[in-house]
1. Can you name every residue in the range 37-54 that is assigned to a loop (DSSP other than H, G, I, E, B) and surrounded by 15 or more Cβ atoms within 10 Å (Cβ to Cβ)?
2. Looking at ALA34, ALA57, ALA26, which one is of a type in the set (A, V, I, L, M), at pLDDT 90 or above, part of a helix (DSSP H, G or I) and exposed (fewer than 15 other Cβ atoms within 10 Å of the Cβ)?
3. Which ones in the range 93-124 are within 12 Å of the chain's Cα centre (by Cα) and touching a residue at least 60 places away in the same chain (Cβ under 8 Å)?
4. Counting just the residues of the range 154-180 that are small (Gly, Ala, Ser) and in contact with a Lys or Arg (Cβ under 9 Å, 6 or more places away or on another chain), which one comes out surrounded by the most Cβ atoms within 10 Å (Cβ to Cβ)?
5. I'd like to check something: does the range 66-74 contain any residue that is modelled with pLDDT of 75 or more and either more than 10 Å from ALA29 (Cβ to Cβ) or in a helix (DSSP H, G or I) (or both)?
6. Restricting to the range 26-45, give me the number of residues that are without any contact (Cβ under 8 Å) to a residue 40 or more places away in the chain and on the phi > 0 side of the Ramachandran plot.
7. Hey, LYS116 hits all of (1) buried (at least 17 other Cβ atoms within 10 Å of the Cβ); (2) more than 25 Å from ASP64 (Cα to Cα) but one; which does it fall short on?
Amino acid sequence: MEELKILGGKIKDLRRSRRFRLYDLAERAGCTSAYISQIEKGTVSPSISVLKNIANALGVKLVDLFAVDGSEDHVVVRSGEGCEIKYPRGDASITLLVRNLDGKNMEPLLKVLEPKTGSDGLYSHSGSQEFGYVLSGEFDLMIEENVYTLRKGDSFYFNSSRPHGFVNNGEEDALILWVISPPTY
């Protein structure tokens, strides 16, 4: 619950810094003012798609809602220091493996998919490409009408404009090194 309050506070600070009223942000993000208020108070757990809409409306990347402020040029990020984006509904987490995306051409992520969870359908985004390497477990990667079961040691590469999604149908967590270029989160 504390994480939701921190996230909500960051959204509220960004909204105020842009001089948006609750209504302004809600309209741009495609939800209600009451829902934005609940998010800002940390009383609801928004989906990643809602958070992406809010980030877009605020003119920031999704990861900016979770990142710790700092302008240092970190070359090394130690274990446990990456910015973790925990999907509010508990089905996955993404850890950004760099401190800051400013000026970077790649977005390296460590994605953890719990069993029986995934992207909840196909989605696409233009202008980027994705690469991944399965570190442990297995999951299904859907690209358009094709389904690929990937296991430890397998890799993938595709254009993000193609409808894609993923699901872990296995019994253990799937751990994937996932790189998006240019950054989209």
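The values are calculated or read from the model by the stated rules, or taken from the named source; none is laboratory data. Predicted model only: the values in this text are computed from it and were never measured. Neighbour counts are summed over all protein chains in view; Cβ atoms, including those assigned to glycine, are modelled from backbone coordinates with ideal geometry.
1. The answer is GLY42, VAL44, SER45, PRO46.
2. From the options ALA34, ALA57, ALA26, the qualifying one is ALA34.
3. Across the range 93-124, the qualifying residues are ILE94, LEU96, GLU107, PRO108, LEU109, LEU110, LYS111, VAL112.
4. Only one residue fits best here, namely ALA174.
5. no
6. Qualifying residue count, the range 26-45: 1.
7. Condition (1) is where LYS116 drops out.
For every residue, the table says whether it meets (1) charged (D, E, K, R); (2) modelled with pLDDT of 80 or more; (3) outside the structural domain of SER49 (by TED's automatic domain parsing).
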site: VAL76; (1), (2), (3): no, no, yes
site: ARG89; (1), (2), (3): yes, no, yes
site: ASN100; (1), (2), (3): no, no, yes
site: LYS111; (1), (2), (3): yes, yes, yes
site: LYS116; (1), (2), (3): yes, yes, yes
site: TYR123; (1), (2), (3): no, yes, yes
site: SER136; (1), (2), (3): no, yes, yes
site: LEU141; (1), (2), (3): no, yes, yes
site: VAL147; (1), (2), (3): no, yes, yes
